[in-house]
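Read the figures in this text as sums done on the coordinates, not as results from a lab. Just so it is clear, the structure is predicted and the values come from calculations on it, not from any experiment. Positions of Cβ are backbone-derived with ideal geometry, glycine not excepted, and every protein chain shown enters the neighbour counts.
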Amino acid sequence: MKLLTAILALLAAAPALAQPNAPAPRPGEDAMTAPAPTETATFAAGCFWCIEEIFRQQPGVFKVTSGYTGGTVPDPTYAQVCDGDTGHAEALRIEFDPQKISFEKLLALFWKAHDPTQLNRQGADVGTQYRSAIFTHSDGQLAAAQTSRDAENKSGRHARPIVTEIAPAGKFYPAEDYHQGYYRNNRNAPYCRFVIQPKLKKLGLEDE
């Protein structure tokens, strides 16, 4: 009986001995299912209030953060960026699932969401902080952005050449809390009603 008990104990321990470094699944986690891969895109297209909601509504996009990038001053404030002396652009950091929405599709929406032929401005917003830019996070994004820009230039949809900057992504500073979800929190404000809502409707997006 003692020999049989010892054999059964060894058999029960065999899986653990075969994989001594295998991590145990976390509570509620399927050990056979890997987490979905995610990617980041960073776009500047004028005032971040105007375009945040456009990207937030896209299936496959799970987080959009308004902020500042492309400048030289660490931890800039909104007031500093608005002065145009920090070199930053108002921008969005978009976290997305590439299995549900591609970077190329985000680029196509980027071109439609603003006027990429305006240098350092969008409408009444003037200054380098409102420049059109794509900040890339990989060689693949760089190639895709350049190809997309060339195709957009040849599309005939623009009367002037595109001036969008394409550059490697640098440090991104999230904007102050009151800028996050600005349209959703202030949809009755004049700026939202007369600038953002028409843009959403033009793109066929619902005003939720």
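Please arrange 137, 114 by how many other C-beta atoms lie within 10 Å of their C-beta, fewest to most.
Sorted ascending by nearby Cβ count, the order is 137, 114.
Under a point spin-label approximation (7 Å from Cα along Cα-to-Cβ), what is the residue 95-residue 159 distance to one decimal in nm?
It is 4.2 nm.
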